[in-house]
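Trainee: Sharing a structure below in structure tokens format, with a few things to ask.
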Amino acid sequence: MGILTETYTLNTGATIPKIAFGTWQIPDGDVAYDAVTFALKSGYTHIDTARVYGNEASVGKAIRDSEIDRAALFVTTKLPAEIKTYDEALASFEVSIEILGLEYVDLYLIHAPWPWSDPGSDHTQGNIDAWKALESIYKSGRAKAIGISNFNVSDTQAILDNSEVRPAVNQIRYFIGHTQQDVMDFCQTNGILIEAYSPLATGKILENKAVIAIAQKYDVTVAQICIRYTLQKGTLPLPKSTHEEYIVQNAAVDFVISEQDMQHLDSLEDIAA
Ligand code: A2P
């Protein structure tokens, strides 16, 4: 199964499967249930959801119904970006756990440093307060690791300056041409694993001629080049699809992009800019 059985090690010492099945934009109900069920049958052991996706119920049910040993799975969910107080963060975690129908999650993230309605706004104190709630959940053992998402360097620095437990991951938008190098460098220096969401630029990259040419050279799909690229950069990709063919294809990335081709991909412009 190749990449599906490989892991990174978090700064907690726990291992995390190198590729995750992402569920953003997958509607609750049969679509999410069937996609997660198929991903688990295909060998994915790492499932990523969030309160705001609205699909924790179906994701949790698919996980429970799979009857796979819970310890063999890695489940992530996220605190809504609007919640910036200690008490509300604790309460929201309880809601997620209840909806998921699980006793614990492997990773719990602050979904963004600012509310979705006001991207880029400053919520430094709110993030510190929410982080203290995540630390308390971590210490209770109900989240085996805690982290952040969409945090830039200064947002992350504020957490590091005011925390007992450092974030294990920062989940960011990351794809060929959009690598947020400053965040990547800062997180790597501080032992924070980068998780790459939207590794296909939510599908926008699939028509990119330069990437198509590289895919043809390796006799793989554009999606596979994109996912392999993120892995070779040391990040953890979260590809998502509702199609069985794609779910299997996105984990079939046991080939190596040459150093020269990686440099070429590095030089491409941000297609989603
Ligand atoms: P679908 O869900 O209809 O299968 P990203 O992970 O960057 O957010 O991209 C997700 C988008 O890319 C979804 O629209 C998904 O479509 C599509 N997608 C996922 N995997 C593949 C693939 N292997 N080939 C083509 N499109 C894909």
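The values are calculated or read from the model by the stated rules, or taken from the named source; none is laboratory data. Computed from a predicted structure; not experimentally measured. Don't worry about glycine lacking a Cβ; one is built from the backbone with ideal geometry, like all the others, and counts go over all protein chains shown. With ligands, DNA and RNA removed, areas are computed over all heavy atoms of the protein, side chains included. Shrake-Rupley method; radii C 1.70, N 1.55, O 1.52, S 1.80 Å.
Trainee: Could we say that GLN232 is open to solvent by 50 Å² or more (accessible area, probe 1.4 Å) and within 15 Å of THR179 (Cα to Cα) here?
Mentor: So GLN232 passes the test.
Trainee: Mind checking which helices (runs of 4 or more DSSP H) fall wholly inside the stretch 213-273 and carry at least 1 residues that are out of contact with any strand residue (DSSP E or B) (no Cβ under 6 Å at 6 or more places or on another chain) and within 11 Å of the ligand (Cβ to nearest atom)?
Mentor: Result: 222-232, 244-249.
Trainee: In addition: Which of (1) of a type outside the set (Lys, Arg); (2) exposed (fewer than 13 other Cβ atoms within 10 Å of the Cβ); (3) closer than 18 Å to ASN152 by Cα does TYR174 not meet, given it meets every other one?
Mentor: (2)
Listed here are the residues, each with its yes/no results for (1) part of a strand (DSSP E or B); (2) among the hydroxyl-bearing types (Ser, Thr, Tyr).
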residue	(1), (2)
SER154	no, yes
GLN157	no, no
LEU160	no, no
ARG166	no, no
ASN170	yes, no
ASP182	no, no
PHE186	no, no
GLU195	yes, no
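Trainee: Examine the stretch 101-111 for a residue that is under 30 Å from GLY43 (Cβ atoms), out of contact with any strand residue (DSSP E or B) (no Cβ under 7 Å at 6 or more places or on another chain), open to solvent by 50 Å² or more (accessible area, probe 1.4 Å) and not aromatic (Phe, Trp, Tyr), and state whether such a residue exists.
Mentor: Taking every residue of the stretch 101-111 in turn, at least one turns out to be under 30 Å from GLY43 (Cβ atoms), out of contact with any strand residue (DSSP E or B) (no Cβ under 7 Å at 6 or more places or on another chain), open to solvent by 50 Å² or more (accessible area, probe 1.4 Å) and not aromatic (Phe, Trp, Tyr).
Trainee: Conditions first: (1) acidic (Asp, Glu); (2) within 13 Å of the ligand (Cβ to nearest atom); (3) part of a helix (DSSP H, G or I). ASP129 passes all but one, so which condition is the exception?
Mentor: (2)
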